[in-house]
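**Student:** Just passing along the structure, written as structure tokens.
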Amino acid sequence: MEYVVEMLNIGKSFPGIRANDDITLCLRKGEIHALLGENGAGKSTLMSILFGLYQPDEGKIRVRGTEVQIDNPNIANELGIGMVHQHFKLVHNFTVTENIVLGIEPHKGITVDLKQASRKIRDLSAQYGLNVDPDAKIEDISVGMQQRVEILKMLYRNAEVLIFDEPTAVLTPQEILDLLDIMRNLIKDGKSIILITHKLREIKAIADRCTVIRLGKFIGTVDVKDTDEERMAEMMIGRRISFDIHKKPLEPGRTMLKIDNLTVLNSRKVPALKNFSIELKAGEILGIAGVEGNGQSELVEALTGLRKVESGTILLDGKDITAMTIRERIENGIAHIPEDRQRRGLVLDYTIEENLILEKHRRLPFSKNGFLNHKAIREHADEVISAFDVRSSKGPETMARTMSGGNQQKAIIGREFDLNPEVLIAVQPTRGLDVGSIVYIHRRIVEQRDAGKAVLLVSLELDEILDLSDRIAVVNHGELVGIVDAKSTNEKEVGLMMTGIRAHERSSSNGNGGSNK
């Protein structure tokens, strides 16, 4: 049998939007099949239909040649279909084992037999190279390890078809490589995978075939080995796009942000940032590179007022803001694109238009004498939504919770850019965005720099750091390893610095005192 899953002529509508319009996707046994499309193209909707979260309005689904009706995820599980969602479905104060068996708990007499489940999970973890501790609590493990727990949930339920929805959006570069190895192990064991992703490089690295959808419509299915990234991007966007980033010659102005001997504690009351000092000038992009968990989050939280500074000072255009409130920092010209869009960037149960005025709802024209001006709020939302191509079912009235991750991100970026800040702190600004949106956001960030604004870019995407930055500051274990000029460095040099190797150590290791670029 050639296909293990066939989704034929699938149609699905929601009020005001045609999410899927006559889409066909066929998955061969033992292949990795990528599903590619812009934010809001209908990818997650299509896979939610296969997993039983939605029912199609038109079309049919066959599993192993038999037509089926998947009314809920339990039926999908019985058919051997599992799904790792973009936002994980885990109970944080439960252990790994408790999360995996939730709903299908094994019993020994009248008690739940967690020991038996733990043994099976340990065996599955070893079989697929997942290295998960069954007894660890979810709140104590990394995001990458949480994703492995979601994979184990599928394997524990004997899934043969595995759906991954944007699986690398929250992973470090090393975790991405580890995940690709895990996928290869799954395929070797006879599993079949559908991979929803925006990342063309990952598709080229791991996928056999790729189905492209645009604005809810089927565009085509291609063999990945015979199709270059530019062609897949053109199919996805509907036009040729240039990946080139054009920046004006660097003309740094006055120092806009001066961080002097900053020490900040993490949540365990251990120094996450130690005597850290850097300067950011007007008209430049300073990239912060480092493996996740090396103090970048604490640095950003200290700069934005979300975390207390233990010692040291932060100067914004010469003004000491170390003890200022979050609102005072915003009013003095700081904008912040946060690392976690759902926890830090949005009020999920507010509408888009409400979220877009969170930082200026007290100002004219949005309010007067304590009363909101809903007409001005709506007009403002329409402008930002249009400028940043934020797609949703009900426009400004859409609840933030119901939007795709990429469109949530675009709404946040639009709101922060609209502040016209003097210093823009951009943390993972393109996480979860499709290639067209990434190119657009990169250009908007460069526009800020070219207009004389100061940009602090914190990203785990080393390509993004190298492409956009004028200078790159590398952090390791909360300390500044060094600052390099982006034009004269490369991925290998920055990667070595991320491990803690300083410039003079590289030079001495050459034996001739020369550079090792």
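**Student:** Label-point separation (nm) for Leu265 and Asp189, each offset 7 Å from Cα along Cα-to-Cβ?
**Tutor:** In this crude label model, Leu265 to Asp189 measures out at 4.3 nm.
**Student:** Taking just the alpha carbons, could you work out the radius of gyration and Dmax for the range 3-237, both in angstroms?
**Tutor:** 17.8, 59
**Student:** How many nm separate the modelled label positions at Lys217 and Thr255, each set 7 Å beyond the Cα in the direction of the Cβ?
**Tutor:** 5.6
**Student:** I need the shape label for the range 63-114. Rule: rounded when a/c is under 1.5, else prolate if a/b > b/c, else oblate, with a, b, c from the alpha carbon gyration tensor.
**Tutor:** Details: a/c = 3.41, a/b = 1.55, b/c = 2.20.
In terms of gyration-tensor shape, oblate.
**Student:** Can you give the net charge of the other residues whose Cβ lies under 10 Å from the Cβ of Ile81, counting K and R as +1 and D and E as -1?
**Tutor:** -1
**Student:** Right, here's the next one. How much length, in nm to one decimal, is gained on full extension between Ala126 and Leu358, taken as 0.36 nm per residue of separation minus their Cα-Cα distance?
**Tutor:** Working: separation 232, 0.36 × 232 = 83.52 nm, distance 4.69 nm.
Between Ala126 and Leu358, full extension yields an extra 78.8 nm.
**Student:** May I ask you to sort Glu310, Glu67 by Cβ crowding, counting other Cβ atoms within 10 Å and putting the fewest first?
**Tutor:** Listing Glu310, Glu67 from fewest to most nearby Cβ atoms yields Glu67, Glu310.
**Student:** Please list, in order along the range 456-472, the HN-Hα scalar couplings obtained from phi with the Karplus expression 6.51 cos²θ - 1.76 cosθ + 1.60 (θ = phi - 60°), rounded to whole Hz, x for Gly and Pro.
**Tutor:** Along the range 456-472, the couplings run 9, 9, 10, 8, 8, 7, 4, 4, 5, 4, 5, 6, 9, 6, 8, 10, 10 Hz.
**Student:** Obtain the nm distance between the two label points defined at Glu229 and Glu2 by a simple spin-label model: each point lies 7 Å from its Cα along the Cα-to-C-beta direction.
**Tutor:** Placing both labels 7 Å beyond Cα along the Cβ direction yields 3.1 nm.
**Student:** Please report, to two decimal places, log10 I(q)/I(0) for the range 164-316 at q = 0.12, 0.13 Å⁻¹ as given by the Debye formula with identical point scatterers on the Cα atoms and no solvent.
**Tutor:** -0.80, -0.86
**Student:** Only Cα pairs under 8 Å and at least 6 apart count here; give the relative contact order of the range 345-419 as a rounded whole percent.
**Tutor:** Relative contact order for the range 345-419 comes out at 40 percent.
**Student:** While we're on this one: With +1 assigned to the C-beta of every Lys and Arg and -1 to the C-beta of every Asp and Glu, and no other charges, what is the dipole magnitude of the chain about the Cα centre in debye, to the nearest 20?
**Tutor:** The dipole magnitude comes to about 400 debye.
**Student:** Considering only the range 329-471, what is the antiparallel percent among its DSSP beta bridges, to the nearest 5?
**Tutor:** Restricted to the range 329-471, the bridges split so that about 25 percent are antiparallel.
**Student:** Please turn the phi angles of the range 282-291 into ³J(HN,Hα) values with the Karplus equation 6.51 cos²θ - 1.76 cosθ + 1.60 (θ = phi - 60°), one per residue in order, whole Hz, x for glycine and proline.
**Tutor:** For the range 282-291, the Karplus-derived couplings read 4, x, 9, 10, 9, x, 10, 10, x, 5 Hz, x marking Gly and Pro.
**Student:** If you take the beta carbon distance between Arg28 and Phe88 as r and set R0 to 30 Å, what does 1/(1 + (r/R0)^6) give as a FRET efficiency, to the nearest 0.05?
**Tutor:** Working from the Cβ atoms, E equals 0.60.
**Student:** Counting only DSSP beta bridges with both residues in the chain, what percent are antiparallel, rounded to the nearest 5?
**Tutor:** Expressed as a percentage, antiparallel bridges in the chain total about 60.
**Student:** Distance from the Cα centre of the range 160-199 to that of the range 231-307, in angstrom?
**Tutor:** With the range 160-199 and the range 231-307 each reduced to a Cα centre, they are spaced 28 Å.
**Student:** I've got another one for you. Tally the DSSP beta bridges in the range 3-237 and give the antiparallel ones as a percent, rounded to 5.
**Tutor:** 60
**Student:** Ok, one more. Can you order the peptides 436-449, 365-378, 227-240 by their average number of other Cβ atoms within 10 Å per residue, highest first?
**Tutor:** Highest to lowest by the protection proxy: 436-449, 227-240, 365-378.
**Student:** Determine ³J(HN,Hα), in whole Hz, for all residues of the range 198-204 in sequence, where each value follows from phi through the Karplus function 6.51 cos²θ - 1.76 cosθ + 1.60 and θ = phi - 60°; x replaces Gly and Pro.
**Tutor:** Result, ordered by residue: 9, 8, 5, 4, 5, 4, 5 Hz.
**Student:** Would you mind checking which residues have amide H under 5 Å from Gly287's amide H? H placed 1.01 Å from N; only 5 or more apart, or other chain.
**Tutor:** Leu457, Asp470, Arg471, Ile472, Ala473
**Student:** Counting only the backbone N, which residues of the range 258-294 are under 16 Å from the spot 7 Å out from the Cα of Ser311 toward its beta-carbon?
**Tutor:** Hits in the range 258-294 for Ser311 at 16 Å: 260-266, 270-277.
**Student:** Answer rounded, prolate or oblate for the range 345-419, using the Cα gyration tensor with square roots of eigenvalues a ≥ b ≥ c: rounded when a/c is under 1.5, else prolate when a/b is larger than b/c, else oblate.
**Tutor:** prolate
**Student:** Give me Cys26, Cys210 ranked fewest to most by other Cβ atoms within 10 Å of their Cβ, as a rough exposure proxy. Please report the intermediate quantities before stating the final value.
**Tutor:** Details: Cys26 16, Cys210 24.
With the sparsest Cβ surroundings first, the list reads Cys26, Cys210.
**Student:** Could you tell me the calculated FRET efficiency between Leu348 and Ser242, based on Cβ-Cβ distance and R0 = 51 angstrom, to the nearest 0.05?
**Tutor:** In this case the efficiency is close to 0.90.
**Student:** Would you please give the residues with an amide H less than 5 Å from that of Met83, counting only those at least 5 places away or on a separate chain, with H modeled from the backbone geometry?
**Tutor:** Ile163
Laboratory data are not the source of any read-out in this text; all were calculated from the coordinates shown. What you see is a predicted model; the values in this text were computed from it and never measured. When we count neighbours, we look across all protein chains shown, and the Cβ atoms used for this are built from the backbone with ideal geometry, even at glycine.
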